[in-house]
Amino acid sequence: MSARIGVAVMAVLLLLYVLLVGQRAWLLLISADPVGILMGAALVVLPLIALWALGRELWFGVRADQLGRRLEAAGALPDEPVSVRPSGRVVREDADALFPHYRSAVEQNPDDWAGWYRLGIAYDASGDRRRARGAIRRAIILEARQRRG
């Protein structure tokens, strides 16, 4: 739940930034100064890119959460016992020991979205967030293809 609060706070702050920059962009765009107009145009483009990135990340979070809930309801999430630190984080050595199982499952069935999602969880537990997000993005794409047809 705290992650959702953090996301909501960041989204509100980004929207506030977009509004304030948008106001400045408008003032520069209506100025008669050519340099001001160019700066105003740049100030319009940058917030649009930020909004696109925010939307993309929010959609990723929603879809990842949906898939996680489906796997949880089916009892298909990883359930191997692992040690955790007092902070609640998984002990990396335990996660690394389980990782080959999930990697081989994906290698055997590369079109299984659930396998990719579980691999993403294993990557995350091992501390590799970039690969975790990539695996979960792959799971989202595969699940959407499977749902469509």
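Worth a mention:
- Of the criteria (1) in contact (Cβ under 8 Å) with a residue 40 or more places away in the chain; (2) farther than 13 Å from Ala125 by Cα; (3) not acidic (Asp, Glu), which one Pro78 fails: (2)
- When Pro47, Pro86, Pro81 are checked against the criterion of being more than 15 Å from the chain's Cα centre (by Cα), under 27 Å from Ile5 (Cβ atoms) and not assigned by TED's automatic domain parsing to the domain that holds Val21, a single residue qualifies: Pro86.
- Residue among Ala105, Ala64, Ala114 that alone is small (Gly, Ala, Ser) and within 30 Å of Leu13 (Cα to Cα): Ala64
- Scanning segment 1-41 for residues that are surrounded by 12 or more Cβ atoms within 10 Å (Cβ to Cβ) and either in a loop (DSSP other than H, G, I, E, B) or of a type in the set (Gly, Ala, Ser) (or both) yields Ala11, Gly22, Ala25, Ser31, Gly36, Gly40, Ala41.
- Residue count for segment 52-71, restricted to those that are over 16 Å from Arg137 (Cβ atoms) and exposed (fewer than 14 other Cβ atoms within 10 Å of the Cβ): 2
- Residues of segment 100-149 that turn out to be among the small types (Gly, Ala, Ser) and under 11 Å from Leu67 (Cβ atoms), as a count: 4
- Per-region count, segment 25-51, residues under 21 Å from Leu14 (Cβ atoms) and not aromatic (Phe, Trp, Tyr): 16
The values are calculated or read from the model by the stated rules, or taken from the named source; none is laboratory data. What you see is a predicted model, and the numbers here were worked out from it, not measured in a lab. Backbone-built Cβ (ideal geometry, glycine too); neighbour counts: all protein chains shown.
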